[in-house]
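For reference, the structure discussed in these notes is given below.
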Amino acid sequence: MKLKGKVHKFGNDVNTDEIIPARYLNTSDPEELAKYCMEDADPKFVKKMTPGDIIVAGENFGCGSSREHAPISIKAAGISCVIAKSFARIFYRNAINIGLPIFTNAKIAEILTDGDTAVVNVDKGEISKARQKKVYKAEVFPKFIKEIMKSGGLIAYAKKKK
């Protein structure tokens, strides 16, 4: 599966309160959470992004609270994947559990800038800047994690396995 989208660049230590502010946690409805995605990191984010776009960040993306609302809001907003130098451990697992593709690569996170177009080959773990031949490798997920993501998350995956 290939993903292609406009890059929205963020820095280091983007925490879950910046991804989905606590003042909106009175709901777990994905569509409602999507309206406020990244609001405290970039108040105009939802208005300027389009479905299929890609978030690129520095180190420790998703640090802070262990709320699963953070990756849910990103996925529900229509972001196709997140690329970062590194992820907070709980965010990483929550993203997989809800079927949000995430990739770690320090070099490409530095090379991609706001507004670039990135291309991600999910199956091969390859990331590139559109119209450039240089390919950067990211972690290739094991087959079962790819299946979780393709199923739309851990719950959907478990239901299919019944």
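Each value in this text was obtained by applying a stated rule to the coordinates, not by laboratory testing. Keep in mind that what you see is a predicted model, and the values were worked out from it rather than measured. Neighbour counts run over all protein chains shown; Cβ positions are idealised from the backbone, glycine included.
Taking amide H as placed 1.01 Å from N in the peptide plane, Phe141 has no amide H partner under 5 Å among residues 5 or more places away or on another chain. The charge dipole of the chain, taken about the Cα centre with unit charges on the Cβ atoms of Lys, Arg (+1) and Asp, Glu (-1), comes to about 900 debye, rounded to the nearest 20.
If you take the Cα centroid of region 57-104 and the Cα centroid of region 20-39, the two points sit 14 Å apart. Looking at the chain, the DSSP beta bridges with both ends there are about 50 percent antiparallel. Convex hull volume of the C-alpha atoms in region 35-140, normalised per residue: 97 Å³.
When only Cα pairs below 8 angstrom with a gap of at least 6 residues are kept, the chain shows a relative contact order of 24 percent.
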